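Any read-out appearing in this document is the output of simple, stated calculations on the displayed coordinates, not a laboratory observation. Bear in mind that the values here come from a model prediction, so they are computed numbers and not experimental data. Please note: Cβ atoms are built from the backbone with ideal geometry, for glycine as well, and neighbour counts cover all protein chains shown.
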Amino acid sequence: MMEHPWRVLHIIANHEKRVVQHLASRSIEHYLPLYALKSRWSDRTVELERPLFPGYVFTRFSATERIAVLGTPG
């Protein structure tokens with residue numbers, strides 16, 4: 001059986017990468033699926049990585065790490 005189930009965190013839109021950085025610094029397992037998007041600006045074309053599910057990050061943690069996850073900015 002799985003030790004800890006996967007959970008979905010509902011976060012502030014457009015803060016997904018920042019939340020993932022904070023979770024990684026706290027050694028909490030996370031998953032943020034991204035896709036590549038080409039965006040054309042007036043002077044150049046840029047390839048952006050956008051979250052597949054905006055406003056959500058998937059994570060797996062123990063009950064003792066719950067406070068650390070809920071205290072993550074964003």
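Overview of values
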item: Virtual spin-label span in nm between Val8 and Arg60, 7 Å along Cα→Cβ; result: 1.8 nm
item: Surface/4 estimate of mean projected area, convex hull on alpha-carbon atoms of the chain, nm²; result: 5.9 nm²
item: For the chain, calculated [θ]222 nm from helices alone, where every DSSP H run of n ≥ 4 adds -39500 (n - 2.57); result: -5500 deg cm²/dmol
item: Sparse-neighbourhood loop sites, GluC sites (Glu not before Pro) in the chain - DSSP loop, at most 15 other Cβ within 10 angstrom; result: Glu3
item: Within the range 37-74, chymotrypsin sites (Phe, Trp or Tyr not before Pro) in DSSP loop having at most 10 other beta-carbon neighbours inside 10 Å; result: Trp41
item: At most 11 other Cβ within 10 Å, DSSP loop - trypsin sites (Lys or Arg not before Pro), the range 21-74; result: Arg44
